[in-house]
Structure formats: structure tokens, C-alpha cells
Amino acid sequence: MDQKDAATGLPREWQNAGIMNDAVLSPPPVGTPGGPKVLLEVFGCQMNKLDAELVVTALKRAGYDFTDDDDEAAAVLLVTCAIRDQAEHRVHSHLGELAVAKRSRPDLAVGVLGCQAQREGQDLLTRWPSLDFVAGTRDFGKVAKLLDQVRADRTRVLSIEGIADEVSEQRDVTVRPHRGRAFVNVMRGCDKPCTYCVVPRTRGAEVSRSMVDVVTEVEELVADGVKEVTLLGQTVNAWGRHEGHSLGELLHRLEDIDDLHRVRFITSHPEEMDDTLVSAIAACRKSGLFLHLPPQSGSSRMLRRMARGYTNERYREIIAQLRERIPGIEIGGDIIVGFSGETDEDFEATVDLLRDVRFSQSYIFRYSPRPGTPAFGRLEDDVPDKVKRKRLKILNEIQTEIMRERHEALIGTRHEVLVEGSSRKDARRLFGRNLAFDRLVFEGESSWEGQFVTLEVTGATPLTLSAKVLAEPTDAPRDTTLARTT
Ligand code: SF4
């Protein structure tokens, strides 16, 4: 892959794909003019970005303003991720820089929030005497109070809540980085026992928001101009199961909201796929045609060691069913290479899966043991790093080739995209996504952001489709059948 991010090792464009993203909320939101300024830095997934929006809401209500300029910030808050050790290292190295900055600016308040805060807790305060407060994944609503407290008293605070059994979002729907689209947290935490994963420890048990809460928030977002929502959850297709609801039911409910044109959802768990959801995606015309359904491995033996709850055969059955019942559906996958005990034979089974399923995009990672996971200290990290790297390279090459072939086959086809913004390199180049989550780049006006444009694909690379505009932008999709038929 070309153009990799030095810190994450992922292709940069993948980081724009909506699933992985490390960025300050850009542009910084507007708070109370004249209030103390906060610089908010967000590491990790979309769920973290949404958590950052909750932080923004809490700080705005308390009279804070925002900046992206280090020099004018009265406080720097880091919303953190604990999934991979690389992300945590970045936060530690940033805390090192902030410790140096605080020598000349002792009034600067520094806080760490979110998953890494939840996982490391007091250790963070012990390691970094310059750090003022640490707040966990269920403490976002208290951030303004904590910041007020440390700025007034110069006390140091650790706030790590136990696991709440309700999800309170208290979101200001007008605070969001994009006009036309928004993320909506529909649940928090995870009940799955995946042995490599730290999420159940950092985010707690699975708790769904109520149907009425979610629908109300989506209606408010739509009233404020949002045309596409992405429902977020660690196992989003398990939404509502403890309350007698299902994600399929929610998709049908959202289908009825006028002026909402697209509904996406990430991330789905293979064990939670059922007929109701497959039928709902097939029936709901607003539903995206991209399912992020991580297999993690193509070896049933490895899936057992990972405690994923399904076999390779079952995963393949699900894919076959999806493709039979939903024309045009594309599948995204996550794969871990080099998990404890992975043999050449296990790896070959994953290669076969990758070749057979032909994911439209896939996030492939080397396993690294994370403290706090069920595997840590119990399942030996016995695949040499050299072997992990080699396997990663093989899978990435196969995936790149699949994406190249798939994209080339799309040349000449027509698509309707929701314009997401301008290319960082060239402001005249815009990008948007079709229902199948393909990223199309084309020339247009920045004022088109948040509108729908019909395009024809004219060129392809493994990561991007170039396109030309066929019709002027509109507020609503012209042809809802377009993406389902081309
Ligand atoms: S489903 Fe497994 S991998 Fe996903 S968040 Fe839950 S424990 Fe982690």
C-alpha cells in the first residue's frame, strides 16, 4: 500500500474511510466566545469522535470555547483509544510534549478521557505529574465540572465511573463536523468474550439506547439538515436485543423519516446476524449497501481461540445469504494475523476466506497482546513478529489486488453520492460515497457539501474511484434505485 500513516501504518485514505480516524475535530466547534479555550484531540474510532461531541456539548454549556491553536488553549483534552498499543503510545508521547509545554505555561490544564483513561486510570496520573485529570468512558458528562475544578483549585482528579446501566447522551445535535451527515451512538459497551479485545473492559457491558431516544435524536439531526446517519455500536446488530427490539426494526422505523435519505450502521458481529436484519436491509431503500462484518480469521480453530462464537463455515453461510438476498451488498472485514497459536494452515484458511469473500475493504492487523484482555497472560503470543509481518504483507497484497479489480470493473458505472467534503490536497476535488460506501473523487464546488451528485466512474486505483459529474447537485437523491442496480 502506498501513502501509509507513519503512526498507524494504515493507508491514509483508510483513515478517512469513516471507521478508523485520528483527528482533532476540524474545524473546531464554536463555544462561548470569550470563554476559556479548549483544544480537543481525538484518537481512535468514530465512537470516540462522537464521544468528543458529547464533551463539546458539556463544555459549551459550561461556557468554554474551542481552538485548534496550542498557544491560545487554556486546556488540552485528549479523547483516547485503547484498542492497539500504538494508539496508547501516541497519547503518552503527546503527554510528554504537554509536560514540556507546562513548564513555561503552568496554568495549562491537561486531561485524558475515554478508553485509555478507563484502562490505565491512576497509572496515568502517577506517570505524568503534569496531568491534571483522568476521566473514563462513562464520565464524559462530568468533563466540564472536572475542568472547572482543576482550573480553580489546581487539584488532580481521577474520575473512573463503574459501569452505568443506562446510556445518557445529552448531545447537542448542532455540534458535528459535517452538515449533511452524522453519527449516532445507539449502544455502548460489549458483552462478547473475544479473547484479544480490551473493549468490554474499557467500555463496560452492552447497553442499548431506547428506540424512542434514538429515533428522537435522528429526527432532531434531520431537522438540522442531516441527510445520512451512521448508527454506531461495538456490536450494532445486537442493538435492542435485551429490550425486545432489533436493528431490523430500527431500520424500518428510520425508513419513515422524511428528508433522511441514508442509514448506515457499524460494526456488526457475525454471531448476531439474523434473518430480520437481512430482510430489513433488503427492504429498506435508505439502508446502506455496505456491511462491516469482521471475520477476524478464516480458521475455525482460531475463531474458537478468539472466542468469536461462529465458525468459518457459518461466516461463509452468512455472506452467501447476504449476497443472495441483497443485490449490490458489499462486505468490509477486519482480520487479525498472528494471533496466539496461528499455524501456516490456519493462515492459509484466512487467505482462502479473503480470496473467496472479496471484501470491498478490509482492515488487517498484526496481533499484539493487550493488558486487560482475556488472552493476556493466558494465551501465549507465540507467532514470531517476522512471521506476523510476512502474513500481514501477503494479506494486504491480496486485498489490494481485490480492490483494484473491483474498482476497475466499476469504470463506466453511474453512482449517486452524498458529497462529504473537499480533498485535502486539492480543494477543487470533492469526495463522496455511494450506498456501497465506495469513495468517489470528482471536481466540483465546495458549496456542494451535504448534497447529492450523480457521477460516472472514469478511473480507478485500489483505494479511490475518480468520477465525472453527470448532473447538478440536489438536496435529495434523484434515483434511489441507482446504487442498487449499477
Ligand atoms: S465483539 Fe469482540 S472484538 Fe468486538 S468489541 Fe466486543 S469483545 Fe471486542
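Values computed for the structure shown
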| read-out | value |
| --- | --- |
| Inter-residue pairs, beta-carbon under 9 Å, first in the same structural domain as Val263 (by TED's automatic domain parsing) and in segment 183-204, second within 8 Å of the ligand (Cβ to nearest atom) and β-branched (Val, Ile, Thr), 6+ apart | Met187/Thr235; Gly189/Val199; Cys190/Val199; Cys190/Thr235; Asp191/Thr235; Lys192/Val199; Lys192/Thr235 |
| Residue list for segment 187-223, filter: more than 16 Å from the ligand (Cβ to nearest atom), among the β-branched types (Val, Ile, Thr) and buried (at least 23 other Cβ atoms within 10 Å of the Cβ) | Val214, Val218 |
| Test result for Asp51, at pLDDT 80 or above, open to solvent by 30 Å² or more (accessible area, probe 1.4 Å) and not in a strand (DSSP E or B) | no |
| Strands (runs of 3 or more DSSP E) (entirely within segment 228-304) containing at least 2 residues that are touching a Leu at 6+ places or on another chain (Cβ under 7 Å) and within 16 Å of the ligand (Cβ to nearest atom) | 262-266 |
| Residue match in segment 143-159 (condition: of a type in the set (Val, Ile, Thr), open to solvent by less than 10 Å² (accessible area, probe 1.4 Å) and within 16 Å of the ligand (Cβ to nearest atom)) | no |
| Boolean, Arg308 is under 23 Å from the mean Cα position of the chain (by Cα), surrounded by 23 or more Cβ atoms within 10 Å (Cβ to Cβ), away from the ligand (no atom under 16 Å from the Cβ) and not small (Gly, Ala, Ser) | no |
| Asp382 touching a residue at least 12 places away in the same chain (Cβ under 8 Å), of a type in the set (Asp, Glu) and within 15 Å of the ligand (Cβ to nearest atom) | no |
| So Val30, is it at pLDDT below 75 and touching a Leu at 6+ places or on another chain (Cβ under 8 Å) | no |
| In segment 423-470, the residues that are of a type in the set (Asp, Glu) and within 20 Å of Val229 (Cα to Cα) | Asp438, Glu449 |
| Residues (out of contact with any His (no Cβ under 8 Å at 6 or more places or on another chain) and over 15 Å from Cys284 (Cα atoms)) located in segment 235-254 | Val236, Gly240, Arg241, His242, Glu243, Gly244, His245 |
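The values are calculated or read from the model by the stated rules, or taken from the named source; none is laboratory data. The structure displayed is predicted, hence computed values, not measured ones. Heads up, the Cβs are rebuilt from the backbone with ideal geometry, glycines too, and the neighbour counts pull from every protein chain shown. Heavy atoms of the whole protein, side chains included, go into the accessibility calculation; ligands, DNA and RNA do not. Shrake-Rupley method; radii C 1.70, N 1.55, O 1.52, S 1.80 Å.
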